[in-house]
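For reference, the structure is listed below as C-alpha cells.
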Amino acid sequence: MDVDLDPPTVDKGPFVKGYEGAGKEYGAGMTFMSEFSHDQHATEHVENLYYPFASKDEWELAAFLLRSNLSMASVDSFLSSKSVSAHHSYCNCCLSIFRTG
C-alpha cells in the first residue's frame, strides 16, 4: 500500500475564471450617501433635510412638478403665479432641477 507523505495543498484564494462580457468589480469607492454627507451642502442638510428647498412641502411640490408631464413654460407660469409665489420661496437653484431633468 502506497502512502502519500506530502501534505495536501491548500487554496491560496478564490478560484476565478474570466468570461468575456461578464460583469467586473471595480473595488471600493464612495457610496451615494457618503458623497451626500461630504458635499458642499452637507452643513445645510444637517439643519434642513430638504435643502435647497425650504421645507418638505416645497420639496413635495417640486417632486410632483418634476414627474408631471407639464412643459417648462407651464411650470414657470405656475410657479410665478401670485398664489404660489406668495406661499413659497423658490430660488433659481431649486428650479434648476426642472431644466436638467
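Structure above, values below:
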{"item": "Sorted by Cβ neighbour density within 10 Å, fewest at the top, the residues VAL75, VAL46, VAL16", "result": "VAL16, VAL46, VAL75"}
{"item": "Relative exposure of PHE15, PHE53, judged by other C-beta atoms within 10 Å (fewest first)", "result": "PHE15, PHE53"}
{"item": "Amide H partners (placed H, <5 Å) of ASN48, local residues excluded", "result": "none"}
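Any read-out appearing in this document is the output of simple, stated calculations on the displayed coordinates, not a laboratory observation. None of the values given here were measured: they were computed from a predicted structure. For neighbour counting, all protein chains shown are included, and Cβ atoms are generated from backbone atoms with ideal geometry for every residue, glycine included.
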